[in-house]
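So that we are looking at the same thing, I have put the structure below in structure tokens.
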Amino acid sequence: MEEEQTILSGTDEAIEPISQIDQSVSETDDFENGTILGGKEESEHDKTQEKTEEPAVGEYVYTPPEGFTIDETELNEFTEYAKSKGISPEVYKELIDKHASIITTISEKTEEARKAEAKAQSSEWLKELKADPELGGADFGKNMSYARKAMDTFGGEPFKQTLIDAGLGNNPTVIKALYNIGKAVSEGEFVGGVGAKEQIPVWDKIFKS
């Protein structure tokens, strides 16, 4: 997975992190295949034709393309539907392939839209951080180093990757909390810490208004 470039990953620029199948089947009219004389058995030709038109059950087998999963219950329901409508095994497979293709395309476009939205949001958050009265300005880089230090010290790579995967790599609330932690650690302001300058509970400093 390509790592999203965010405040936490060491750059000031935010880069992208992130039916029913309507098969028209013409049903044949229900009519007598015999002569106009009633009560006559069907001819051998008609019996043979009827058996030929009935698809073999074993031919209704579908193997989905690699990377695509089909719900077994839905597949079985459609298989029964296809059989009941006289859909040939070939058309049956073509219909499912088409369905899989449509679903895959929709999924890909949805993911592309999600990534574009996440990128835009990350960029907006970065602008907000750079304009922040406390964090932004000439000391923006230095202030962000506090956030990275806190993240590296208390969270490490797993924590950083979790935040980035969740699209929170530039989230102002997250960055400000990490900044306050990092700065408190650097200045020895933890309660009870060696060389503590003031007895202020660390959580009051981290989430100060």
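The values are calculated or read from the model by the stated rules, or taken from the named source; none is laboratory data. Predicted model, so just to flag it, every value in this text is computed and none were measured. Ideal geometry is used to build each Cβ from the backbone, glycine not excepted, and the neighbour counts take in all protein chains shown.
Give me a count of the residues in region 118-149 that are within 34 Å of the chain's Cα centre (by Cα) and either assigned to a helix (DSSP H, G or I) or of a type in the set (S, T, N, Q) (or both).
The qualifying residues number 22.
Is there any pair with a first residue in region 172-185 that is closer than 18 Å to T6 by Cβ and a second that is among the acidic types (D, E) whose Cβ atoms are under 7 Å apart and which are 6 or more apart or on different chains, and what are they?
These pairs meet every condition: P172/E128.
Just give me the residues in region 96-142 being closer than 23 Å to D165 by Cα and touching a Phe, Trp or Tyr at 6+ places or on another chain (Cβ under 9 Å), in sequence order.
Within region 96-142, T104, L129, K130 qualify.
How about region 153-184: which of its residues are modelled with pLDDT under 90 and acidic (D, E)?
Selection gives nothing.
I would also like to ask the following. Considering only region 69-88, how many residues are outside any helix (DSSP H, G or I) and either at positive phi or hydroxyl-bearing (S, T, Y) (or both)?
3
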